[in-house]
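Colleague: Pasting in a structure now, in structure tokens, and then I'll have a few things to ask.
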Amino acid sequence: MGLKQIDHGSEDYNKMIVLRKQILRQPLGLSFTEEELSKEKNEILIAAFDEDLILGCCVLSAIDKEKIRLRQMAVLDTLQGKGIGASIMTFAENIAIDKGFRYMIMHARNTAIGFYEKFGYRPKGDEFFEVNLPHRVMEKELE
């Protein structure tokens, strides 16, 4: 497995969109708009590959000079629980640190809170609904 930053609009990015749609959107009856995807041009796009097969991905979006948000974390259904998400998290945190960010936050689906807590993220604030699912903001100070 290899982890890398990918370019918006590339063939790898198109694979990322397919994976995110399959794992995060289709089960909820949702898809992406062109406007949503065009906003990702300036974001950090991360993916895990086994040769040409995308295994997992995430997007990092800067909020301000100190805080970055992890979004759209997805791993192939058949590979969840095999360490791919953990590798993506470590890679994403290292990129954020290298770029000078001190905090990483996310809007975590309630079903994923336990996963993020393993990496030191803590829930903040009250539960809220996003894409019709309960979420919590989670945050961690990066080392």
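Colleague: Whole-Hz ³J(HN,Hα) for each residue in region 66-74, computed from phi via Karplus 6.51 cos²θ - 1.76 cosθ + 1.60 with θ = phi - 60°, x for glycine and proline: what do you get?
Modeller: 10, 10, 10, 10, 7, 9, 6, 6, 8
Colleague: Now, a different point. With n ≥ 4 as the cut-off for DSSP H runs, can you work out [θ] at 222 nm for the chain, using -39500 (n - 2.57) per run divided by the number of residues, rounded to the nearest 500?
Modeller: Mean residue ellipticity, 222 nm, calculated: -7000 deg cm²/dmol.
Colleague: Based on other C-beta atoms within 10 Å, arrange Y121, Y13, Y103 from fewest to most. Show your work: numbers first, answer last.
Modeller: Values: Y121 22, Y13 18, Y103 15.
Ordered by Cβ neighbours within 10 Å, fewest first: Y103, Y13, Y121.
Colleague: Mean-square fluctuation check for the chain, GNM, Cα pairs under 10 Å: which of D52, D77, D12 is largest?
Modeller: D52
Colleague: Under a plain spin-label model, where a point goes 7 Å from the Cα along Cα-to-Cβ, how far apart in nm are L133 and E43?
Modeller: 1.5
Colleague: Can I ask one more? How about K82: which aspartates and glutamates have a C-alpha closer than 13 Å to its C-alpha, ignoring those fewer than 8 places off in the same chain?
Modeller: none
Colleague: Using a Gaussian network for the chain with springs between C-alpha atoms less than 10 Å apart, which of these wobbles most: F49, F129, F101?
Modeller: Most flexible of the set in this elastic network: F129.
Colleague: Considering the zone a paramagnetic label at V18 would reach in this model (a point 7 Å from Cα along the Cα-to-Cβ line), which residues of region 55-88 have amide N under 17 Å from it?
Modeller: Under 17 Å, as judged by backbone N against the label point of V18, lie 55-58, 74-79 of region 55-88.
Colleague: Can you put S61, S10 in order of Cβ neighbours within 10 angstrom, beginning with the fewest?
Modeller: S10, S61
Colleague: May I pose another question? Run down the lysines and flag those whose C-alpha is under 24 Å from the C-alpha of K41, throwing out any fewer than 8 positions away in its chain.
Modeller: K4, K15, K21, K65, K67, K99
Colleague: Working out 0.36 nm times the residue gap between E66 and K99, then minus their Cα-Cα distance, what length gain in nm do you get to one decimal?
Modeller: Working: separation 33, 0.36 × 33 = 11.88 nm, distance 0.96 nm.
My answer for the length gained is 10.9 nm.
Quick note: the coordinates plus some simple rules give every number you see, no bench work behind them. These numbers come from a predicted model, not from an experiment. Because the Cβ atoms are built from the backbone with ideal geometry, glycine has one as well, and the counts that use them run over all protein chains shown.
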